[in-house]
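The values are calculated or read from the model by the stated rules, or taken from the named source; none is laboratory data. Source: prediction; values computed, not measured. FYI the Cβ positions are ideal-geometry reconstructions off the backbone, even for glycines, and counts take in every protein chain you see. Heads up: the accessible areas ignore ligands, DNA and RNA and are worked out on the full protein's heavy atoms, side chains in. Shrake-Rupley method; radii C 1.70, N 1.55, O 1.52, S 1.80 Å.
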Amino acid sequence: MENITFQYPAWYLLLCIALGLIIATLLYYKDRSFSQQSSWLNWLLGSIRFLLVTLIAILLLSPLLKSLVTEIKKPVIVLAQDQSESIVADMDENALEKYKADFNQLASSLGEEYDVKSYAFGSEVREGVDFNFTDKVSNMSDLLKYLYDLYSNQNLGAVVLASDGIYNEGSNPIYASTKLAAPIYTVALGDTIPKKDLVLKRVFHNKIAYLDDKFSIQVDINAQNCSGENTVLNIRSVG
């Protein structure tokens, strides 16, 4: 849609037309300099002068052409795939091929109503997913920051995050996700069976100790699936 507006009232156009008419009349009909010319030539030259003077006067009114363009954009759906090695640690070839097909099918079906963007993340964020799963690092907070920087001012509908949840670089993704103004849907991958593990939670000790001093140390250890197991803890001084 386009329209023309002026910085002055619209009735000024009548003055522009009148000005063009007056100048053309004075030059070609009141002035006898063109009396020797044929009448059709006087009419032609007078009409041209009338149009030019009128147009110049209208341009002096500072006309402004306004154009309104409406563009409808589909909401963006981001499919983010974790490319770290741990994803396929317990996934055989058949399961991997089926997952690839399901991923591509999801992207295709969503593409009918949304603008689908696929990203792979691991040691870095990159556009497109190749399903190589060779990254040694999984940095989810870097992915979420990347998406925030890229789509914070766009119509981001949702983020579908496929990962095993194991991140070994960057900050906690829970805090990074709060910046995105869009829901995050997770797809759990990898082995979901809890493994036997010992986790060193906290260590309490004196910050300063002198030679031959005796002091206490408290070590908190979290045991997972270790019921009935014997564990030996060795504490050694360094220095």
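Taking Rg and Dmax of the Cα atoms in Å as calculated from this structure, the corresponding entry among (i) 16.7, 47; (ii) 38.4, 128; (iii) 20.6, 66 is (ii).
Please figure out what share of the DSSP beta bridges in the chain is antiparallel and state it in percent, rounded to the nearest 5. That works out to approximately 40 percent antiparallel.
Highest average first, the peptides 170-180, 155-165, 206-216 ordered by how many other beta carbon atoms sit within 10 Å of their residues are 155-165, 170-180, 206-216. Considering only protein heavy atoms and a probe of 1.4 Å, how much of the accessible area of the chain is carbon and sulfur, as a whole percent? Here it works out to 56 percent. Here the label points at Ser109 and Ala89, each 7 Å from Cα along the C-beta direction, are separated by 3.0 nm in the simple model.
May I ask you to compute the full-extension gain from Asn234 to Leu19, defined as 0.36 nm times their residue separation minus their alpha-carbon distance, rounded to one decimal in nm? Don't jump to the answer; show the numbers that get you there.
Numbers: separation 215, 0.36 × 215 = 77.40 nm, distance 10.37 nm.
Gain in length upon complete extension: 67.0 nm.
Evaluated with a Cβ-only charge set (Lys, Arg +1; Asp, Glu -1), the range 14-167 carries a dipole of roughly 2040 debye about its Cα centre, given to the nearest 20. Taking the helices alone, the chain has a mean residue ellipticity at 222 nm of -9500 deg cm²/dmol, built from -39,500 (n - 2.57) per DSSP H run of at least 4 residues and averaged over all its residues.
Annotation for Cys226 and Ser118: the two label points, set 7 Å from Cα along the Cα-Cβ direction, are 4.2 nm apart.
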